[in-house]
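What follows is calculated from the coordinates using simple rules that are stated; it is not laboratory data. A quick note: this is a predicted structure, and the numbers were derived from the prediction, not measured. Ideal geometry is used to build each Cβ from the backbone, glycine not excepted, and the neighbour counts take in all protein chains shown.
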Amino acid sequence: MSNPYFRFKQFTVWHDRCAMKVGTDGTLLGAWAEVHGRTRMLDVGTGTGLIALMLAQRNTEAQIDGIDLDADACLQAQENVQQSPFGTRIRIVHTPFQAFASTVTEPYDLIVSNPPYFRESLKCLEGKRRLARHNDTLTLADLLHTGKTLLAPNGRIALILPFAQRDDLQRTAENEALHTIRETRIIPVEGSSPKRLLTELSSLPAQAIIADELTLEDRIHQRTTAYRQLTQAFYLSENSMSKERSKD
């Protein structure tokens, strides 16, 4: 039986009641998204609350809303938040994104999402996991269209997606007049092809897109120095990295 919680340096994430467990994707996005000067943030599909907690650790001034469709996930996220040092700065709301957007009166500096993206894969039978992994309830187009309406003038949307959806992302962003500011191609093992894409979008075009690559493991499956540096404020040890990796 898998461990019902995952311990980070400053907080613990319980995930036994959540369809999607702590994994590399969420940790990457939480560590990578630019938080400097961004004090009002929204985590769409917060799940366990992992990304919201990471953002709160990285920016001590931030007020963060985390929303999710899954009632059990929201209850567990709320418990994780309350037991963390950041409980007064994170609000968890059980609501669909579009319904939540209609209630927002103050724009966000940063919107993050590790969205449901297994659009063309065989759908799993278990209901909550299906809801968390597929885009039946929130398409990429919906996410970007609604997200843009909630952004401050210099706000950004940060996502992690399968690299295979990069072209679709670019077309969808162009339709919404959103511009790529940063992107990082995630290579799981040295010498392999990119598997994930970290991307940051803005309504304001960049003079030059910041583009790079991040390799997670070397050829003998040890975490690379670059990945260690990105996540060093969170992981307790190499052993904890290995446990998190098994939940992808």
>> Being in a helix (DSSP H, G or I) and not basic (K, R) narrows it down to one residue among G37, G26, G47, G87; which is it?
In response: G26
> How many of the residues in the stretch 44-61 are over 15 Å from H15 (Cβ atoms), touching a residue at least 40 places away in the same chain (Cβ under 8 Å) and either among the β-branched types (V, I, T) or touching a strand residue (DSSP E or B) at 6+ places or on another chain (Cβ under 6 Å) (or both)?
Replying inline: 2
> Considering the stretch 1-28 alone, what residues qualify as being within 15 Å of D43 (Cβ to Cβ) and aliphatic (A, V, I, L, M)?
Replying inline: V13, M20, V22, L28
>> For the structure I just gave you, tell me whether Y235 is more than 20 Å from D142 (Cα to Cα), part of a loop (DSSP other than H, G, I, E, B) and aromatic (F, W, Y).
In response: yes
> Which residues, taken from the stretch 190-240, are without any contact (Cβ under 8 Å) to a residue 12 or more places away in the chain and among the small types (G, A, S)?
Replying inline: S192, A208, S237
>> Going residue by residue through the stretch 72-83, is there one that turns out to be within 17 Å of the chain's Cα centre (by Cα), in contact (Cβ under 8 Å) with a residue 40 or more places away in the chain and part of a loop (DSSP other than H, G, I, E, B)?
In response: no
>> What's the total number of residues in the stretch 1-49 that are within 18 Å of F97 (Cβ to Cβ), touching a His at 6+ places or on another chain (Cβ under 9 Å) and not polar (S, T, N, Q)?
In response: 1
